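What follows is one structure encoded as structure tokens, with my remarks underneath.
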Amino acid sequence: MSLLKRCAAEFLGTMWLVFGGCGSAVLAAAYTADAARIGENTLFPLGIGLVGVSLAFGLTVLTMAYAVGGISGGHFNPAVSFGLFVAKRFRGGQNLLAYIVAQVLGGIVGAGILYLIASGKAGFALSGSNPLATNGFGAHSPGGYTLGACFIAETFLTFFFLMIILGASDRRVASGFAPIAIGLALTLIHLISIPVTNTSVNPARSLAPAVFVGGELLSQVWLFWLAPILGATLAGWVYSSLFDEATSSDEPERLREMV
């Protein structure tokens, strides 16, 4: 498969992840119907909540991993690409850069489509602590967590996310089930850390909405590149050092790159 086609798959996968995951938070998490329109005097919340948003992020990865994972490996995340590169599951620095560019662009397009939809409702504004489901620390952390706490959370959770990806996609594991494990892992990660950082573990997911929001939230994106890439790099090194077996040089590329 050509690099262009693989990058197109990464573009679409990351676009769907950002739109589906962040969209669930912006459009559906705390949706409120004006009950007065049906003769009531109170407001009834009809949102999917934290659990629903967590499932949405997991489902975006699961669905696109099955849709285009056979083409690109289904990374949809610069940290995942870094981790697989360190673990020698992804070959070539040029491929790594191309994947990251495709992921970032796909995420920005997904966030842009979300912004166009969200702004179609009266009263919508790019204000508040985390508009467009942005990530942040301190005043922009949903639970008010400090920079240090957010850094630890993002590094630790990305480390285990990559450990699960590497283990689930190991050639010694039955094929075809990796997307399920990976999607459930991302769901669990969101259940844990939405109150901390609004959950990143994905630099492209963090940068994309912040591009539209700008200001202080954009200035905090560095943490959501540094911590996830650090965690993923550590996981790639740990897994390859402890659990990988030596492979022959003629091993099929698909076995080494599949996520």
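Please treat every number below as a calculation from the coordinates, not as lab data. These figures come from a predicted structure and were not determined experimentally. Here the Cβ positions follow ideal geometry from the backbone for every residue, glycine too, while neighbour counts run over all protein chains shown.
Details
- Positive dipole terminus of region 3-257, leading residue within Leu188, Phe85, Gly73 (C-beta point charges): Gly73
- Nearest 10 degrees, 0 to 90: helix 93-118 Cα axis against the chain principal axis: 20 degrees
- Relative contact order (%) - region 3-257, alpha-carbon pairs under 8 angstrom, separation at least six: 28 percent
- Degrees between helix 203-213 axis and first principal axis of the chain (Cα, 0 to 90, nearest 10): 30 degrees
- Dipole check for the chain: with +1 at the C-beta of Lys and Arg, -1 at the C-beta of Asp and Glu, and the Cα centre as origin, the magnitude is about 260 Debye.
- Spacing of the two label points (7 Å from each Cα toward its C-beta) at Ala28 and Lys121, in nm: 1.3 nm
- Taking 0.36 nm per residue of sequence separation and removing the Cα-Cα distance, the Ala67/Phe177 pair yields an extension gain of 38.3 nm.
- With 5 Å bins beginning at zero, the pair-distance distribution over Cα atoms of the chain amounts to 1, 7, 13, 18, 20, 15, 10, 7, 4, 2, 1, 1, 0, 0, 0 %.
- When each of Val51, Val213, Val238 is scored by the number of other beta-carbon atoms lying within 10 Å, the sequence from fewest to most is Val51, Val238, Val213.
- Computed helical MRE - 222 nm, the chain, DSSP H runs ≥ 4 contributing -39500 (n - 2.57), nearest 500: -21000 deg cm²/dmol
- Among the chymotrypsin sites (Phe, Trp or Tyr not before Pro) in region 74-149, those located in a DSSP loop and surrounded by at most 14 other Cβ atoms within 10 Å of their own Cβ are Phe124.
- Gyration tensor (alpha-carbon) shape descriptor, region 178-249, a/c threshold 1.5: prolate
- Taking Cα atoms only, the orientation of helix 147-168 departs from the longest principal axis of the chain by about 50 degrees.
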